[in-house]
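See structure below.
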Amino acid sequence: MTAAGQFYLRAADHESLERLVHRIQGCFTAGAVGTGCTHEVRAISAEYTELAPDPWLASAYREAVTELGRAPMSHEDELLRLTGSTDMGNVTRALPGIHPSISIDCGDAVNHQPEFAAACATPTGDRAVLDGALALAWTAVAAATDPVQRERLLTGAGHRVARAGGAA
């Protein structure tokens, strides 16, 4: 007789995920020992880490959306916001980057809901796409025209990964 399961583990940060994986593997081992079975654990996908946005790029984006008449999320709220799992977290650990967001008029709906998808296909959804693209372009221009930041971003110099509770 064979039993199989597929589990997807999530945590607020990489270190918490490592602890969770260790605990869950212990549970599987205990279950196998307790029932006289064997077990095998295989990773079936990549491990995604939390976002570590570059502070300068995030600030430049925040300034750009403000210039467009939008109220950006504060830096403090941005750090507290749970954004889900994404491979962009892995990218921001390897090189300076951001994963900005922009609001649309969607009422109480959140991502992955039909109401949110419907709100995206409205004039305010279209405006958000255009404003977001323009803010990203202005962020790129700000980085390209600031010699210090341009050099830092091109070389990755001084890239530090932000961790919960402060910079690493």
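Every number here is computed from the coordinates shown, using simple stated rules; none is lab data. The model shown is predicted, which means the values in this text are computed figures rather than measured ones. Heads up, the Cβs are rebuilt from the backbone with ideal geometry, glycines too, and the neighbour counts pull from every protein chain shown.
Tell me which GluC sites (Glu not before Pro) from the stretch 1-78 have a DSSP coil assignment and no more than 16 other beta carbons within 10 Å of their own. Here the GluC sites (Glu not before Pro) that fit, given the DSSP loop and packing criteria, are Glu40, Glu47. Comparing His22, His14, His112 in a Gaussian network model of the chain where C-alpha atoms under 10 Å apart are linked, the largest mean-square fluctuation is found at His112.
Can you name the helices of the chain, as whole DSSP H runs, whose Cα span along the helix axis is 30 Å or more and whose Kyte-Doolittle mean is not below -1.0? Present the calculation step by step, with values, prior to reporting the outcome.
Details: long enough: 14-35 (32 Å, 0.00); 123-145 (33 Å, 0.75).
Correct list, ordered by number: 14-35, 123-145.
Given axes a ≥ b ≥ c from the Cα gyration tensor, I'd like to know whether the chain is rounded (a/c under 1.5), prolate (a/b larger than b/c) or oblate. Cα axes put the chain in the oblate bin. The loop-placed chymotrypsin sites (Phe, Trp or Tyr not before Pro) in the stretch 7-71, going by DSSP, that have at most 15 neighbouring Cβ atoms within 10 Å of their Cβ come out as Phe7, Tyr8.
Within 10 Å, count the other beta carbons around each residue, average over each peptide in 97-107, 121-131, and list them highest first.
The densest-packed peptide leads the list: 97-107, 121-131.
For the stretch 75-128, the square roots of the Cα gyration tensor eigenvalues, ordered a ≥ b ≥ c, give a/c of at least 1.5 with a/b greater than b/c, which places it in the prolate category.
Per-residue ellipticity at 222 nm from helix content only, as computed over the chain with -39500 (n - 2.57) for each DSSP H run of at least four residues, stands at -16500 deg cm²/dmol.
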